[in-house]
Structure formats: structure tokens, C-alpha cells
Amino acid sequence: MHDRFSRLTSLSASLLLALSVSGTHLRAESMSPGQANQACGSPSSIDDGWEIASPDDVGMDGAQLCSIAARLEQRATAVHSIVVIRHGKLVFEQYFPGYDQPWGQTDGQYEFAATTKHDMRSATKSVTSLLVGIAIDRKLIAGVDEPVLKFFPDSAAVKQPGWDAITLRHLLTMSSGITWDEARAWTDPKNDEPHLVFEADPIGYVLAKPVAAPPDVLWAYNGGGTELLGNILEHVSGKPLETFAREMLFQPLGITDVEWKTYKNGKIAAAAGLRLRPRDAAKIGQLVLNHGRWKGQQIVPADWIAQSITPRFQAVGYFGGTLFYGYQWWMGRSLAGGKEIKWVAAFGWGGQRVFIVPELDLVVMTSAAQYGQPKEGLAAIDILSNIVIPSVRDAH
């Protein structure tokens, strides 16, 4: 689950406090000179397709949103970016400098701004799921009940008992039953995830795994299944996964600055490799909120979105087992003002989160570098539940 490559340090609390006191964006090199004087959380004017509005325009309390930096200091947790969308309009964004180890780049201190890409880590899985839905809609794949071995007729899995019963749906819901364990230290040889990085044939590694239980019996977090889905997409489209994604998803969304990283073995990381600008990651959330539509264009079938965010399994063993899992999407809830508010989310290791709150017409995106930290993800859910949702003055 964790896409772990090294231990990262957290953002200094003193710097966060300085930011909260100043109430302004810290200017990065990629930002225009005038942006340094913007009001707290005021979105940058970038031609990326977002309509910009003030929190007041969409029924939100801007002053409450501006308390996010102080809340982070109070909690002693760090993030790199926060983006808030309401009623399809970008109303708040804030960026904080800090230590990061971006995939393929030198680790160290980085400035973050609206034009800075960030690792999405396992939030990539949710994007891969959208691409599967597009492929089914384009008749490249018959449906989720297609057997996995249909796409790998010469693999070792053909000889493994139980593999013939595994379908694409089982990969999407992480209920395939194959032996897989990512809940171990990165250096533990029994952790399956590093094999995706270092094996010469990572797809072969996944297909050679024995089956521990029949499909639909055991839910187990499994990035290997997502890698199979990515490989299948390449097979049926006849294109590299990144090319297929650009043509079918990113270009229609107006996402032009994107990277999809490869593992050290050269295999594109369908489970973890996306790097996106936070504002572009929020577009993915808005797409799901809009039932697959963006600016009047149906990019992903509405039915696929509905299937993807339908709770199918209790995510036993992860986040206290309080979350549900769909087609590579998480489902949970927040308590705000004495009321339970349901949400859907893409989760990435280290604090990458895209929250979709349908009943409030709200999308919240965070990025961070809380890799392997006890407080990983705390900042994101705290901001969502205790600041952003309560800042909504109306439910319409």
C-alpha cells in the first residue's frame, strides 16, 4: 500500500506557524510576483479550466478556511497543499514548503505552488479504475466479469489452482484471494510490494502468486492486482498506459502537466506512479462528483462511477477497519456538527487524499509527505472534518 522508498521528515511546525500568522502564500519560483500578496487561500489565476470564486460566493466561511494553517501547527502535522472546490468552483488553495522525496527527483526541501506537481502514490489506483471504466465503455473490455487469465493465457497463473475463477471485478475490489501482503516493513522479504519495483517481470511475479482463498471471501490490499489492470489496459488498447490515459482522461479534463512514473524495472506504475498538480488531482474528484462529466462532456460512464463508489467490502485491517472499498475507491464518513457526512476518496500513502462529499457538492484535495509517520493522514481528515465541512453554511 505504501509505495515506500525512503523515510521522510515532516514539515517544521515553526514554519507552519509563521505561515498561519502571515496569512499569505509563500511564493515559489514558479509563481508570479503578484501572487505573494494574495489573501489567505485566494486561488491563483491559472488557465487550467477551473472557474474561480470566493468562499462566500459558494456558501462557505472563508475565515474558517483560513484557520487551516494554524490548525496544522496545533496538530503538529504537515501538508504541502490544500485545494477546496465547491459547486464546481475553485474557492481555496494553500501551499506550504517542506521536505519531500518526489519520485525520480532529489530529496530535500521544496517549495509548492499551484503549478507544482506532486506524487499521488496510491491515489493512482483510483485513476486506473476510471481508465478501466473507459475501456469497457469503448468495448475494449467486455466487462468486469471477464476472467483475468483471458488476458494472460501463457502465464504461470494458468497452472495455479484457483486463478481461473478470478475476474477483473475481483482485482478492482481487492478480493481476488491471491496471497499478497503489503502490511509489512519495506525491507521485509515477505512484503510483496517491493517486488513490483525490483522484479525484472513484476507482472509475472503477481501471476505466480498462489491463491489463498476463493474470490470474494477475503479483502486484502493488493497493488499487484492494480498492476495487472494496467497491463490489461495496455494490451486491449494497444498503447502505453500513459498514452491511453492522456487521450481518454487527462486531455478531456484539460490536464496537460502530468507524469506517470515507472518502477526501476521499467514497468509503468499503474498502482502508484502518478504525479499531478493538486488542482488537476481535484479535477479527478470533481469528475467523480459529476458522475463522470466535465464541462458538459461525459468522459467516464455515469454507471461506472456509480459502480465504483458503491461499498463492496469492509477494508479490514486498514484505517481501523472503518472504511469501505469499491472499485479502487474508498468510502468513509466524517462527524461534523453532530451529523455524519459520507464521502468517497482516493487515498495515497503519505497523506495524498482526494475527498468527494456528494451531499455538500464538495471536493477537497491534500498532498503531503507523511510517509510512514504515525500521524499519516491525520491532517487531511482533520481539515476535512473539523474545518472544511463545518465551513459550509448551506447544504445546497
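The values are calculated or read from the model by the stated rules, or taken from the named source; none is laboratory data. This is a predicted model, so every value here is computed, not measured. All Cβ positions, glycine included, derive from the backbone under ideal geometry; neighbour counts span all protein chains shown.
Number of residues in the stretch 139-169 that are of a type in the set (Lys, Arg) and surrounded by 18 or more Cβ atoms within 10 Å (Cβ to Cβ) equals 1. Screening the stretch 242-274 for residues that are in contact with a Ser or Thr (Cβ under 8 Å, 6 or more places away or on another chain) and aliphatic (A, V, I, L, M) and picking the one that is farthest from Gln352 (Cα to Cα) gives Ile268.
Suppose the filter is closer than 23 Å to Ala369 by Cβ, among the polar types (S, T, N, Q) and modelled with pLDDT of 95 or more; does Ser54 pass it? Judged against the criteria, Ser54 is not a match. Out of all the residues in the stretch 241-285, which are assigned to a helix (DSSP H, G or I) and acidic (Asp, Glu)? Within the stretch 241-285, Glu242, Glu247, Asp280 meet the criteria.
Yes or no, residue by residue, for (1) in the same structural domain as Tyr327 (by TED's automatic domain parsing); (2) within 23 Å of Leu218 (Cβ to Cβ); (3) under 24 Å from the mean Cα position of the chain (by Cα); (4) without any contact (Cβ under 8 Å) to a residue 12 or more places away in the chain:
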residue	(1), (2), (3), (4)
Gly133	yes, no, yes, no
Glu146	yes, yes, no, no
Asp154	yes, no, no, yes
Pro161	yes, yes, no, no
Asp164	yes, yes, no, no
His170	yes, yes, yes, no
Met174	yes, yes, yes, no
Trp180	yes, yes, yes, no
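Whether a residue is buried (at least 24 other Cβ atoms within 10 Å of the Cβ), out of contact with any helix residue (DSSP H, G or I) (no Cβ under 8 Å at 6 or more places or on another chain) and under 27 Å from Ser367 (Cβ atoms) was assessed, and Arg184 does not pass this test. Exactly one residue out of Gln109, Gln64, Gln105, Gln74 is touching a residue at least 60 places away in the same chain (Cβ under 8 Å) and more than 23 Å from Thr310 (Cβ to Cβ), and it is Gln64. When we screen Lys375, Lys342 for residues that are basic (Lys, Arg) and in contact with a strand residue (DSSP E or B) (Cβ under 7 Å, 6 or more places away or on another chain), the only hit is Lys342. Condition (residue is touching a residue at least 60 places away in the same chain (Cβ under 8 Å) and not in a helix (DSSP H, G or I)) applied to the stretch 203-213: is it met by at least one residue? No, there is no match, as no residue in the stretch 203-213 is touching a residue at least 60 places away in the same chain (Cβ under 8 Å) and not in a helix (DSSP H, G or I).
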